[in-house]
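Step one of this worksheet: look at the structure below.
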Amino acid sequence: MNLRRYLTIYAALWKNSIVREMTFKANFLLWIVVELLWFALQLAFIAVIYQHTDRIGTWTKWEVMMLIGASHFIQQIFTAVFLTNCVHLSEEIRTGRLDFMLLLPVNTRFLISLRHVDLGGFVNAASALCVMAYAGRQLHLVPTAAQVIGFFLLAVCGILIHYSLMLTLASASFWTVRSQGIVWGYYNLFNIARLPDAAFQGLFKVFFTFAIPMLLVANVPVKLLVARLEQPLEMALLVAMSFVCFLVSEAVWRFSLRHYTSASS
């Protein structure tokens, strides 16, 4: 019954987001074009690199193209569902709107995290899947149903990692006037997720695998598709890190709310 109630609320939030996006159609279309151009530039950059080498680490050209597509897919779904909400948290605190949300008979984290939906992100995610499909064709891949389902489940884990880490950073807004710089700083780390893990070594690779697991987010799902997983532990590590990041974000969120004195204090 509680689940049905929250699904109804989320459906209403989707409806409001659609109305808002369609009110500013030119802006909606413009951001889709900008993201598509940025995605095309990333693909062109990799194409230029592979004119001078056959492999990056152990990754071939079309495997890296699939990796970039997977990373872009995960990033765009995250952008569509969570990014705007995390960025706006500091404004909700600064203007006092969070005070009213805390009074509503609904989980505050649910409302803060899912209030706005960026529909353009889903369009850009579809373009990423098209690139992945083309790269897979060049690699002569015929993934099984289990591999495809596994890819999407692991992609969900990657999205959960991005969301948890960004909400944790956005929670700094409870002690600072604004935290958009911190949040957008993390957003720039997405560039690391687009690169093959075999290109990194030493402390850098350890840090971005265990402290901020950028190298797991897209690499592991793609490795599953192209049958390059060295051991199943990589999948287990991605799943485990997604749960750890979520639990840390929940602890930070609860700690922040306990120390929130409201905008009127």
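So the values come out like this:
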| item | result |
| --- | --- |
| Magnitude of the charge dipole, segment 114-265, Cβ model with Lys/Arg +1 and Asp/Glu -1, debye to 20 | 180 |
| FRET E, pair A11, F204, Förster distance 41 Å, beta-carbon r, rounded to 0.05 | 0.40 |
| Axial C-alpha extent at least 18 Å, average Kyte-Doolittle at least 0.5 - helices from the chain (DSSP) | 25-49, 61-78, 120-138, 145-170, 233-258 |
| Estimated vicinal HN-Hα couplings, Hz - segment 102-111 in sequence order (Karplus 6.51, -1.76, 1.60; Gly, Pro = x) | 5, 8, 6, x, 8, 4, 5, 5, 4, 5 |
| Loop-resident sites, segment 1-93, for trypsin sites (Lys or Arg not before Pro), counting at most 16 other Cβ within 10 Å (DSSP) | R55 |
| Chymotrypsin sites (Phe, Trp or Tyr not before Pro) lying in DSSP loop within segment 1-52, provided at most 13 other Cβ fall within 10 Å | F24 |
| Estimated [θ] at 222 nm from DSSP helical runs (n ≥ 4, -39500 (n - 2.57)) normalised by residues in the chain, nearest 500 | -23000 deg cm²/dmol |
| Largest-first principal axis extents of the Cα set of the chain (Å) | 61, 42, 38 |
| Sparsely packed chymotrypsin sites (Phe, Trp or Tyr not before Pro) within segment 74-182, loop by DSSP, other Cβ within 10 Å at most 11 | W175 |
| Choice from I49, I74, I32 showing the highest fluctuation, given a GNM over the chain with Cα pairs closer than 10 Å | I49 |
| 5 angstrom amide H check on I56, placed H, neighbours 5+ away | none |
| Where Cα atoms sit under 23 Å apart: lysine pairs in the chain separated by 8 or more or lying on different chains | 4 |
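Values quoted throughout were computed directly from the atomic coordinates according to the rules given, and no laboratory measurement underlies them. For clarity, every value in this text was computed on a predicted model and none was experimentally measured. A quick note on method: Cβ atoms are made from the backbone with ideal geometry, for glycine too, and the neighbour counts reach across all protein chains shown.
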